[in-house]
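The values are calculated or read from the model by the stated rules, or taken from the named source; none is laboratory data. The model shown is predicted, which means the values in this text are computed figures rather than measured ones. All Cβ positions, even for glycine, are placed from backbone atoms using ideal geometry, and neighbour counts span all protein chains on display. For accessibility, only protein heavy atoms count, side chains too; no ligands or nucleic acids. Shrake-Rupley method; radii C 1.70, N 1.55, O 1.52, S 1.80 Å.
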Amino acid sequence: MFEAALGEFLTCKYPYQFYLIQAFEELWEEKKPINWKKVLDFCESLIGLPQLWTNDDVGRDRYHRKEWIPTAIAELIDAGVRKDETAFDEQYLPQAGLVLQTILEKQAVGVPQKGKQEFLNWAINTSRGRSLGALISYALRCCRVSENNGSGRDAAWKKLESLFNRELERT
């Protein structure tokens, strides 16, 4: 595949980056192999770009927004950890966790507009809500792996608890 050239996509327009990440998710959902190390390296580099987090309209059109990219990355990771039988190798869990943590640190905490939508619908369908959903799937996967390795769920949860507490405090 073209995973070896992912670095070239760091300078592309946002829609290309968005669709590239979505393509990896689709490939994974179709049970096609992807090089998770290279894909996570790319995602880590992409979310490290300061311009991805600026609140401007650069690269925005009516169908694509750069703020969709972190959500697409979170959803890709979610697809990679959701089901044990199709999850990526556990060696990539620490890097995936760092990517999710970075996304959550940089995503703005929003509030629903009065009268626009129900709170629950708003919470799970925002970019941040989807990233938090990916974090929950990630935590569950980490706990199952830890339990299968004989360390127990508590060992994994102790590593994640402060992240969840921080997110609760931010809301």
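The sole residue among 25, 8 that is at pLDDT 90 or above, more than 20 Å from residue 95 (Cβ to Cβ) and acidic (Asp, Glu) is 8. Scanning region 10-44 for residues that are in a helix (DSSP H, G or I) and open to solvent by 60 Å² or more (accessible area, probe 1.4 Å) returns 11, 16, 19, 26, 29, 37, 38, 44.
Name every residue in region 130-157 that is in contact with a Lys or Arg (Cβ under 7 Å, 6 or more places away or on another chain) and open to solvent by 80 Å² or more (accessible area, probe 1.4 Å), in order of residue number.
Scanning region 130-157 gives a single hit, 147.
Looking at 49, 40, just one residue is more than 17 Å from residue 68 (Cβ to Cβ) and of a type in the set (A, V, I, L, M, F, W, C), and that residue is 40.
Listed by first and then second residue, the pairs linking a residue in region 21-36 that is closer than 23 Å to residue 65 by Cα to a residue that is open to solvent by less than 40 Å² (accessible area, probe 1.4 Å) and not in a loop (DSSP other than H, G, I, E, B), with Cβ atoms under 6 Å apart and 6 or more places separating them unless they lie on different chains, are 21/72; 21/73; 21/76; 22/72; 24/39; 24/76; 25/76; 25/79. Could you tell me how many of the residues in region 9-48 are among the aromatic types (Phe, Trp, Tyr) and within 19 Å of residue 102 (Cβ to Cβ)? Going through region 9-48 one residue at a time, the tally reaches 6.
What's the total number of residues in region 31-60 that are acidic (Asp, Glu) and farther than 17 Å from residue 73 by Cα?
Residues in region 31-60 being acidic (Asp, Glu) and farther than 17 Å from residue 73 by Cα: 2 in total.
Counting only helices (runs of 4 or more DSSP H) wholly contained in region 57-128, the ones carrying 1 or more residues that are aliphatic (A, V, I, L, M), at pLDDT 95 or above and within 21 Å of residue 149 (Cα to Cα) occupy 68-81, 93-106.
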